[in-house]
Amino acid sequence: MSDVLKIFKIGGGIIDDASQLGLFLTELARVPGPKILVHGGGKGASQMLQDLGIEPNMVQGRRITDAATLDIVTMFYAGKTNKQIVALLQQRGINALGLSGADGNVIRATKRPVKDIDYGFVGDLNAESVNSELVVQLLRANVTPVFCAITHDGQGQLLNTNADTIASVLACALTSAYRVELHFCFEKDGVLSDISDNQSVIKNIVPEQYQQLKTAGVIAAGMVPKLDNAFAALAAGVDKVVIENALKINEPVKTVLCRS
């Protein structure tokens, strides 16, 4: 359990910019020890949907995934985007392996039940979703897994699954084999006390302080579900959660979320 496993999640903002993606992957290649990359989808899938006359449907930042949309996002997430990232990591000397949840039965999801909203072919995860044994075997073989946002239900159905959730569930599942750090990487240097001032990074946040920042409206909108997931991961045994700039992952400026 002495090894530290670092799990990095990048979003569409980095994926959509080839230059930024290349810089991030160069920095990732410099990170020592075992690591995993989880990536979102970027704008490519939405653009192709529009080109085909299918209007992307988002509710509260989550994609409604009908059958036609699932076909397109699978092509982009598990195909073009995933394999491009793997190829760029190979170029940088990292032996990466691109995975959807169906590959090796590595992440099995359940289709989200219809309540107020029918999300379509969207997968939800739980603590039993991850095939931890396979992931550990890959890591011990010095392979860097690269996960896209596509999972499966074990019955032949692919499912679109939130990449932040995949990263969090992977982190929690692997705490039995490693000390795990979960890194959410995006365009800012961390969680900011003033959204218009990139120098206002909050260096450390503990749960009580987080509740105060939410109440005061300092942390709001899209950062709330991200940090809710992060503190849930800490409570489940993850050592550390880091919010940082994707281009500065080897620099000290970042927000570290702690249990206490």
Exercise. Using alpha-carbon positions, what is the distance between the centroids of segment 1-27 and segment 189-250, in Å?
Worked result: 18
Exercise. Do you know the relative contact order of segment 135-207, to the nearest whole percent, from alpha carbon pairs under 8 angstrom that are 6+ apart?
Worked result: 15
Seminar exercise, completed: Summed over the other residues with a beta carbon less than 9 angstrom from that of residue 159, with K and R at +1 and D and E at -1, the charge totals 0
Exercise. Percent of accessible area on the chain owned by carbon and sulfur, 1.4 Å probe?
Worked result: 50
For this session: Compute the label zone of residue 90 within segment 36-53: residues whose backbone N is under 18 Å from the point 7 Å along Cα-to-Cβ.
Result: 37
Seminar exercise, completed: In terms of the charge dipole of the chain, which places +1 on Lys and Arg and -1 on Asp and Glu at the beta carbon, the residue among 45, 138, 82 farthest towards the positive end is 138
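Test of understanding: what is the full-extension gain from residue 54 to residue 127, defined as 0.36 nm times their sequence separation minus their Cα-Cα distance?
On the way: separation 73, 0.36 × 73 = 26.28 nm, distance 3.44 nm.
That works out to 22.8 nm of additional length.
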Problem set entry | Relative packing of 183-189, 206-212, 63-69, which averages over residues the other C-beta atoms within 10 Å, highest first | 183-189, 63-69, 206-212
Problem set entry | Using θ = phi - 60° and Karplus 6.51 cos²θ - 1.76 cosθ + 1.60, couplings along segment 212-220 (whole Hz; Gly, Pro as x) | 5, 5, 5, 4, 7, x, 5, 9, 8
For this session: Would you mind telling me the antiparallel percentage of the DSSP bridges in the chain, rounded to 5?
Result: 30
Seminar exercise, completed: The set of residues whose placed amide H lies less than 5 Å from the amide H of residue 122, leaving out same-chain residues fewer than 5 positions away, is 112, 160
Exercise. Arranged from highest to lowest average of other beta-carbon atoms within 10 Å per residue, in what order do the peptides 112-119, 234-241, 15-22 appear?
Worked result: 234-241, 15-22, 112-119
Problem set entry | Entry for Cα Rg over 2.2 N^0.38 Å (calculated from the structure that is shown) out of (1) 0.97; (2) 0.92; (3) 1.05 | (1)
Seminar exercise, completed: Cβ-Cβ cut-off under 15 Å around residue 142, Lys and Arg +1, Asp and Glu -1: the net charge is +3
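Residues of the chain: accessible area per residue at 1.4 Å, in Å²?
46
Relative contact order (percent) for the chain, with alpha-carbon contacts under 8 angstrom and 6 or more residues of separation?
Worked out over the chain, it gives 23 percent.
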Exercise. Given H placed on each backbone N at 1.01 Å, which residues far from residue 98 in sequence or on other chains put an amide H within less than 5 Å of it?
Worked result: 146
Seminar exercise, completed: Rounded to one decimal in nm, the spacing of the 7 Å Cα→Cβ label points at residue 250 and residue 215 is 4.2
For this session: Amide H neighbours of residue 183 under 5 Å, at least 5 residues apart or on other chains, H built in the peptide plane: list them.
Result: 7, 8, 9, 242
For this session: Please work out how much length the chain gains when fully extended from residue 115 to residue 199, using 0.36 nm per residue of separation minus the C-alpha to C-alpha distance, in nm with one decimal.
Result: 26.1 nm
For this session: Once you've got the Cα coordinates, tell me which of 9/248; 43/214; 80/111; 9/83 are over 19 Å apart.
Result: 43/214; 80/111
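Can you order the peptides 164-177, 142-155 by their average number of other Cβ atoms within 10 Å per residue, highest first? Intermediate results must be reported in sequence, preceding the final value.
On the way: 164-177: 22.7, 142-155: 20.8.
Ranked by mean Cβ neighbours within 10 Å, highest first: 164-177, 142-155.
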Problem set entry | Radius 10 Å from Cβ of residue 238, net charge of other residues (Lys, Arg +1; Asp, Glu -1) | +1
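The values are calculated or read from the model by the stated rules, or taken from the named source; none is laboratory data. Here the structure is a predicted model, which is why all the values come from computation and not from measurement. Because the Cβ atoms are built from the backbone with ideal geometry, glycine has one as well, and the counts that use them run over all protein chains shown. Each accessible area value is taken on the protein alone, full model and side chains, heavy atoms only, with ligands, DNA and RNA left out. Shrake-Rupley method; radii C 1.70, N 1.55, O 1.52, S 1.80 Å.
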